[in-house]
Amino acid sequence: MDWDGAVNAWHVSGGVYRMGRREWLTEAGWRQVFDDGVRTVVDLRNAAEGRRRDNDPVVPAAAWAGIDVVQAPTEEPGDRRFTAITGPYLNDPAHYAENARLFPGKLVGVFRSIARAAPSGKVLLHCAAGRDRSGLVAAMVQDLAGDSDEAIAAGYRRAARGINERYRTHGPPHSRERYLTEPELAPLLEQRGLAVVAFVRGLDTRNYLLANGLSASELDAVLVLSGAAYAKEPR
């Protein structure tokens, strides 16, 4: 997506989009998001992460008038069970399954937010880089939509390339991230794309969400928004 200022912004499926930090959007970018039909932004970050940085554009709150911003984190910040596996934050699809195992209530909360937003318009998901927390949820949305393994892997790889390009032009935010050259990046993305597919196929998103408290009507709303071919099949 070519919204002004947006970093790593992509169409996921149906009426669902993803990107990196919303603070990168300019005032014009917010207008473009609105004009493209987005009426809800779901912030997958923990509350403490949502702040403007010195090099972010200055944007008045009026810029996102008509767009609801909802906080729906995918994890419990600082949970030692999780950080023992992931390090300070999630940055590898090999750990998506652990995220789903430890925090089912959080992920149901994300999809409940999407369901509530669906009648109003399209939904934009974002985390910090737009790669892993967004990638986890985007893969689940694609699974519900009936996307192929190839499409799900490609979605992750596009986003990983997108933030890697940002690191090339602007530098990484801290020492745990760095720009990767193509010989480094290509085999890593091949492996991680396959890991995303393995995660989501092993999860069975539909039954996972229902088993952990998402209602059938909420799931139907998500299915319709995601463009799932079977969204309106009778139960």
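Observations on the model:
- Accessible area ranking (1.4 Å probe, heavy atoms, ligands and nucleic acids excluded), largest first, for His95, His11, His170, His126: His170, His11, His95, His126.
- Taking the chain and dividing mean pair separation by its residue count, relative contact order in percent (alpha carbons under 8 Å, at least six apart): 26 percent
- Projecting the Cα atoms of Ile85, Gly227, Leu124 onto the dipole axis of the chain, where Lys and Arg carry +1 and Asp and Glu carry -1 at the beta carbon, places Ile85 farthest toward the positive end.
- In terms of its Cα atoms, segment 1-94 spans 42, 33, 20 Å along the principal axes, sorted from long to short.
- If you run the Gaussian network model on the chain, springs between alpha carbon atoms under 10 Å, then out of Gly78, Gly121, Gly146 the most flexible one is Gly78.
- J(HN,Hα) series, segment 7-17, from Karplus relation 6.51 cos²θ - 1.76 cosθ + 1.60, nearest Hz, glycine and proline x: 10, 6, 9, 9, 7, 8, 5, x, x, 10, 10
- More than 14 Å apart - percent of Cα-Cα pairs taken over segment 88-155: 64 percent
- Converting the Cα gyration tensor eigenvalues of the chain into ellipsoid dimensions via √(5λ) gives semi-axes, longest first, of 25, 23, 17 Å.
- Rounded to the nearest 20, the size of the Cβ-charge dipole of the chain about its Cα centre is 360 debye, with Lys and Arg at +1 and Asp and Glu at -1.
- Descending principal axes extents, segment 183-225, alpha-carbon based, whole Å: 46, 20, 11
- Computed over the chain with a Gaussian network model linking Cα atoms closer than 10 Å, the most mobile of Glu27, Glu182, Glu218 is Glu182.
- Semi-axes of the equivalent ellipsoid for segment 96-209, computed as √(5λ) from the eigenvalues of its C-alpha gyration tensor and ordered from largest down, come to 26, 17, 13 Å.
- The charge dipole of segment 84-220, taken about its Cα centre with unit charges on the Cβ atoms of Lys, Arg (+1), Asp and Glu (-1) only, comes to about 440 debye.
- Per residue, the average separation of C-alpha pairs within less than 8 Å and at least 6 apart gives segment 1-53 a relative contact order of 31 percent.
- Heavy-atom accessible area per residue - segment 20-96, 1.4 Å, Å²: 50 Å²
- FRET efficiency, 1/(1 + (r/R0)^6) with R0 35 Å, evaluated for Ser217 and Arg178 via beta carbons: 0.20
- For the residues Asp149, Asp92, Asp79, a GNM of the chain with alpha-carbon springs under 10 Å puts the largest fluctuation on Asp79.
- Using the Cβ-Cβ distance between Arg168 and Asp204 with R0 set to 30 Å, the FRET efficiency from 1/(1 + (r/R0)^6) comes to roughly 0.20.
- For Arg81, the shell of other residues with beta-carbons less than 13 Å away shows a net charge of -2, using +1 for Lys and Arg and -1 for Asp and Glu.
The values are calculated or read from the model by the stated rules, or taken from the named source; none is laboratory data. Just so it is clear, the structure is predicted and the values come from calculations on it, not from any experiment. We place every Cβ from the backbone using ideal geometry, glycine too, and count neighbours over all the protein chains shown. Just so you know, the surface numbers come from the protein's heavy atoms only, side chains and all, with ligands and any DNA or RNA stripped out. Shrake-Rupley method; radii C 1.70, N 1.55, O 1.52, S 1.80 Å.
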